[in-house]
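So the structure is just underneath, and the comments pick up after that.
The values are calculated or read from the model by the stated rules, or taken from the named source; none is laboratory data. In this text, all values refer to a predicted model and were calculated from it rather than measured experimentally. Counting neighbours? That spans all protein chains shown, and the Cβs are built from the backbone with ideal geometry, glycine included.
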Amino acid sequence: MPFETTRFDIQDHLKTPEERILYLEAAFEDGDPSLVAHALGDVARAVGMTSVAKGASVTRETLYKSLSETGDPRLSTFFGVIKALGLKISISSDQDAA
């Protein structure tokens, strides 16, 4: 009997604000900038790329490019997307790093 698989779509798991926040927290904990940009793109698509682009004061095309796996968003775009998603960034000390 062949092994059956189903296609994984992250959008199926980003339906609530809580799910989106947990997803972004995991990306930030990893620390890979390209992963963070891609995760922000996933969340922006889940919320609605047009409304996020408008809230971030950029075009949809710019947002898609910036938040792709190979994208490298400008800091102003990054903070605009965070604000458009209704999120805020906080910083805490990593005591283990010292």
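Assorted remarks:
- Note on the stretch 40-74: residues that are in contact with a Leu (Cβ under 7 Å, 6 or more places away or on another chain), under 16 Å from residue 27 (Cα atoms) and not small (Gly, Ala, Ser) total 5.
- Within the stretch 67-78, restricting attention to residues that are surrounded by 21 or more Cβ atoms within 10 Å (Cβ to Cβ) and closer than 14 Å to residue 35 by Cβ, the residue that is nearest to the chain's Cα centre (by Cα) is 67.
- Condition met for residue 53 (modelled with pLDDT of 95 or more, surrounded by 11 or more Cβ atoms within 10 Å (Cβ to Cβ) and either within 21 Å of residue 80 (Cβ to Cβ) or more than 10 Å from the chain's Cα centre (by Cα) (or both)): yes
- Exactly one residue among 7, 74 is among the charged types (D, E, K, R) and within 18 Å of residue 89 (Cβ to Cβ), and that residue is 74.
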